[in-house]
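Asker: Supplied in structure tokens, the structure appears directly below.
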Amino acid sequence: MERHVLITFPHPDDEAFGVAGTVIQYTRAGVPVTYACGTLGEMGRNMGNPFFATRETLPEIRKKELQEACRVMGIKDLRLLGLHDKTIEFEDEDEVADKIYRIIEDVRPSLIITFYPGFAVHPDHDAYGAAVIRAAMRLPEDQRPKIYCKAFSQNCEAYLGSPDIVNDVSDVFDQKLEAIKAHRSQTEGSLKEWIPKLTNNDPDLVEWIGKETFWIYKGPVAV
Amino acid sequence: MNIVTGCGNLEAIRKEDVQKVLDDFAGQELYIHLETTNGVYTGFRRPDQLSVGAFIRNGKIRYSRGKITGNGPYRVGLKMESGWVYAEGLTDWEVDDKGRLLLAGHHKDGKLAIALELSKEPF
Ligand SMILES: [Zn+2]
């Protein structure tokens, strides 16, 4: 069992689809989980129909959604890094790594979960994942937490192989759906399409939500 | 679950009202937010397409004439001392509680495609 888990993602909903179930399992087992979220997803595009947000009110809405998602997932320690959506790859890499390193030093996690740099599609995902790895590598190997990465680029399995960990989260399926729902501004559209499928137990969707996959970080991979 | 909303008075553009605000803002030092995007996942979902986008936040501008044109969706042009600001595809607007002019173009599903915002204070 882990001592403390640190999840690190740049956007408030990044944890919802692929990590929330695992997090819920940890917090239910009494493992503290810290979430270091990089931005407030300020550049999200979905303003709703009817509108529920403007470009200027979206960050505050997404912050509240994130807090609600954390409540659902049992995360009591949410750290907001205050970066701006879509700009992480243009920041000084060491500065971003410094922010994350301070959190690592503070919570001393036994496991870190982040995006696999180079295999996470969104430039913020890749840059933030890279900063997390950079921060973790500052620790001597015997003190370094395990690092599980999320990857979903088209080519990820060609380079990384199949996922090292396939975690069955079907025991917390409904709670995971609640966490996804909490990010309403981002997930309302998908959820609308899912409800009929879930009612019919659509096997692909149930499998996709019920299994969370991770790659153990094994060093930089040349593409 | 708490449902949080914050859409203020965002509503379909009324051209004459927007024009009045553009006139009010003319000749002053302003901060601009200008943004357009077709979505960062466009190229991921459709490999034959490019993800394109650009944004400027808190650029300082001053324009001598600002004009809204079209019959909806609308276009706005701001003529500056030595250049232009241009935005196309604007559908909705509000002046928010901080007195900022927020103009945006949304697809039918509510996805933002363009935003042009002007403020006397930094965003
Ligand atoms: Zn993201």
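The values are calculated or read from the model by the stated rules, or taken from the named source; none is laboratory data. Owing to the predicted nature of the structure, the values given are computational and were not obtained by experimental measurement. Heads up, the Cβs are rebuilt from the backbone with ideal geometry, glycines too, and the neighbour counts pull from every protein chain shown. Heavy atoms of the whole protein, side chains included, go into the accessibility calculation; ligands, DNA and RNA do not. Shrake-Rupley method; radii C 1.70, N 1.55, O 1.52, S 1.80 Å.
Asker: Would you check if there is a residue in region A:67-80 being within 28 Å of B:Leu118 (Cα to Cα) and more than 13 Å from chain B (Cβ to nearest Cβ)?
Answerer: Yes, that holds for at least one residue.
Asker: Would you check which residues across region A:76-95 are over 20 Å from A:Ala135 (Cβ atoms) and either in contact with a Gly (Cβ under 7 Å, 6 or more places away or on another chain) or open to solvent by less than 20 Å² (accessible area, probe 1.4 Å) (or both) and list them?
Answerer: Of everything in region A:76-95, just one residue is over 20 Å from A:Ala135 (Cβ atoms) and either in contact with a Gly (Cβ under 7 Å, 6 or more places away or on another chain) or open to solvent by less than 20 Å² (accessible area, probe 1.4 Å) (or both), namely A:Asp85.
Asker: Given the conditions (1) surrounded by fewer than 21 Cβ atoms within 10 Å (Cβ to Cβ); (2) under 15 Å from B:Val18 (Cβ atoms); (3) among the aliphatic types (A, V, I, L, M), which single one is not true for B:Ala113?
Answerer: Every listed condition holds for B:Ala113 apart from (2).
Asker: Okay, moving on. Taking only pairs six or more apart or across chains, which ones have beta-carbon atoms under 8 Å, a first residue in region B:22-33 that is within 14 Å of another protein chain (Cβ to nearest Cβ), and a second residue that is assigned to a loop (DSSP other than H, G, I, E, B)?
Answerer: Pairs that qualify, where the first residue is within 14 Å of another protein chain (Cβ to nearest Cβ) and the partner is assigned to a loop (DSSP other than H, G, I, E, B), are B:Tyr31/B:Lys120; B:Tyr31/B:Glu121; B:Tyr31/B:Pro122; B:Tyr31/B:Phe123; B:His33/A:Arg55; B:His33/B:Phe123.
Asker: Tell me yes or no: at least one residue of region A:109-128 is away from the ligand (no atom under 16 Å from the Cβ) and within 29 Å of A:Leu58 (Cα to Cα).
Answerer: yes
Asker: So, one more: Could you please give the count of residues in region A:171-195 that are open to solvent by less than 70 Å² (accessible area, probe 1.4 Å) and either among the β-branched types (Val, Ile, Thr) or part of a helix (DSSP H, G or I) (or both)?
Answerer: The qualifying residues number 17.
Asker: For region A:108-164: of the residues being without any contact (Cβ under 8 Å) to a residue 24 or more places away in the chain and of a type in the set (S, T, N, Q), which is nearest to A:Val31 (Cα to Cα)?
Answerer: This residue is A:Gln143.
Asker: When only residues in region A:27-44 that are at negative phi and surrounded by fewer than 22 Cβ atoms within 10 Å (Cβ to Cβ) count, which is nearest to the other protein chains (Cβ to nearest Cβ)?
Answerer: Per the criteria, the residue is A:Glu42.
Asker: Separate question: All but one of (1) more than 16 Å from the ligand (Cβ to nearest atom); (2) within 13 Å of A:Ser185 (Cβ to Cβ); (3) touching a helix residue (DSSP H, G or I) at 6+ places or on another chain (Cβ under 6 Å) hold for A:Phe52; state the number of the condition that does not hold.
Answerer: It fails just one condition, (3).
Asker: Considering each residue of region A:131-155, count those that are under 21 Å from A:Ala20 (Cα atoms) and within 16 Å of the ligand (Cβ to nearest atom), and give that number.
Answerer: Result for region A:131-155: 6.
Asker: Follow-up question, since we're still on this one. Among the residues of region B:17-53, which ones are among the aromatic types (Phe, Trp, Tyr) and open to solvent by 20 Å² or more (accessible area, probe 1.4 Å)?
Answerer: Within region B:17-53, B:Tyr31, B:Tyr41, B:Phe44 qualify.
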